[in-house]
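Colleague: Okay, here's the structure, questions in a sec.
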Amino acid sequence: MTYRAPLILYFLLIFIHGSLYSNDLLEEIQKQNNILNVDEAFMLKENIGDKVSLFSWNIAPKHYLYLDDIRIQYNDADIIYKIKESSQSRYDDMFFGNVPILRNKFSISILMPEIENIDKDILKVSYRGCAEAGFCYPMETVSFRISYKIL
């Protein structure tokens, strides 16, 4: 029993040292592979209007978005979008199989639904993509509070 506290302390120190080393290692891998943050890899621009809203992505070189993971929601209900511009291709993904992906530029439009609650209407845009270096980003969701002026 007298050896228990030093043994626990020893393993705790090894764990902390290992965690610090792995964080440094992850940062080094990201630097070596030029992994961008999600906002640099997939630059989203929005133009939200009363009747029609437009969303466009500038996709960094050596990066791609999964077309099937583009999702638009209005107050948590899915909205169908229309593709305005895209450079689609097929990609044999080790996790998802043969899937459509987007490179360079991608833009969509949606028809804005009727106002439900002026103070609480939320439009969400979700997307996911990867870098060719083998790094995949988690699903990204951007929320916009919709407010209309009442005349």
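Colleague: So residue 141 fits all but one of (1) under 21 Å from residue 35 (Cβ atoms); (2) in contact with a strand residue (DSSP E or B) (Cβ under 6 Å, 6 or more places away or on another chain); (3) surrounded by 14 or more Cβ atoms within 10 Å (Cβ to Cβ); what number is the exception?
Modeller: Residue 141 satisfies all of (1) under 21 Å from residue 35 (Cβ atoms); (2) in contact with a strand residue (DSSP E or B) (Cβ under 6 Å, 6 or more places away or on another chain); (3) surrounded by 14 or more Cβ atoms within 10 Å (Cβ to Cβ) except (3).
Colleague: So residue 109 fits all but one of (1) within 14 Å of residue 41 (Cα to Cα); (2) in contact with a Leu (Cβ under 8 Å, 6 or more places away or on another chain); what number is the exception?
Modeller: (1)
Colleague: Could you check region 80-97 and list, in sequence order, the residues that are within 17 Å of residue 131 (Cα to Cα) and assigned to a strand (DSSP E or B)?
Modeller: Residues satisfying the conditions are 87, 88, 89, 90, 91, 92, 93, 97.
Results for (1) among the charged types (D, E, K, R); (2) in a strand (DSSP E or B), shown as yes or no for each residue.
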site: 103; (1), (2): yes, yes
site: 114; (1), (2): yes, no
site: 120; (1), (2): yes, no
site: 143; (1), (2): no, yes
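Colleague: Which of the following residues is among the charged types (D, E, K, R), farther than 13 Å from residue 42 by Cα and within 15 Å of the chain's Cα centre (by Cα): 121, 68, 78?
Modeller: 68
Colleague: Within the bounds of region 87-103, is there any residue that is touching a strand residue (DSSP E or B) at 6+ places or on another chain (Cβ under 8 Å), on the phi > 0 side of the Ramachandran plot and touching a residue at least 12 places away in the same chain (Cβ under 8 Å)?
Modeller: Scanning region 87-103 turns up no residue that is touching a strand residue (DSSP E or B) at 6+ places or on another chain (Cβ under 8 Å), on the phi > 0 side of the Ramachandran plot and touching a residue at least 12 places away in the same chain (Cβ under 8 Å).
Colleague: Quick check on my filter: what residues within region 61-84 are touching a Ser or Thr at 6+ places or on another chain (Cβ under 9 Å), closer than 16 Å to residue 101 by Cα and in contact (Cβ under 8 Å) with a residue 40 or more places away in the chain?
Modeller: The answer is 64, 69, 70, 71.
Colleague: If you go through region 67-79 one residue at a time, do you hit one that is exposed (fewer than 14 other Cβ atoms within 10 Å of the Cβ) and part of a loop (DSSP other than H, G, I, E, B)?
Modeller: yes
Colleague: Residues of region 97-110 being of a type outside the set (Val, Ile, Thr) and surrounded by 12 or more Cβ atoms within 10 Å (Cβ to Cβ), which ones?
Modeller: 100, 102, 103, 104, 105, 106, 107, 109
The numbers here are math on the coordinates, done by the rules we state, and not lab data. All values reported here derive from a predicted model rather than from experimental measurement. Backbone-built Cβ (ideal geometry, glycine too); neighbour counts: all protein chains shown.
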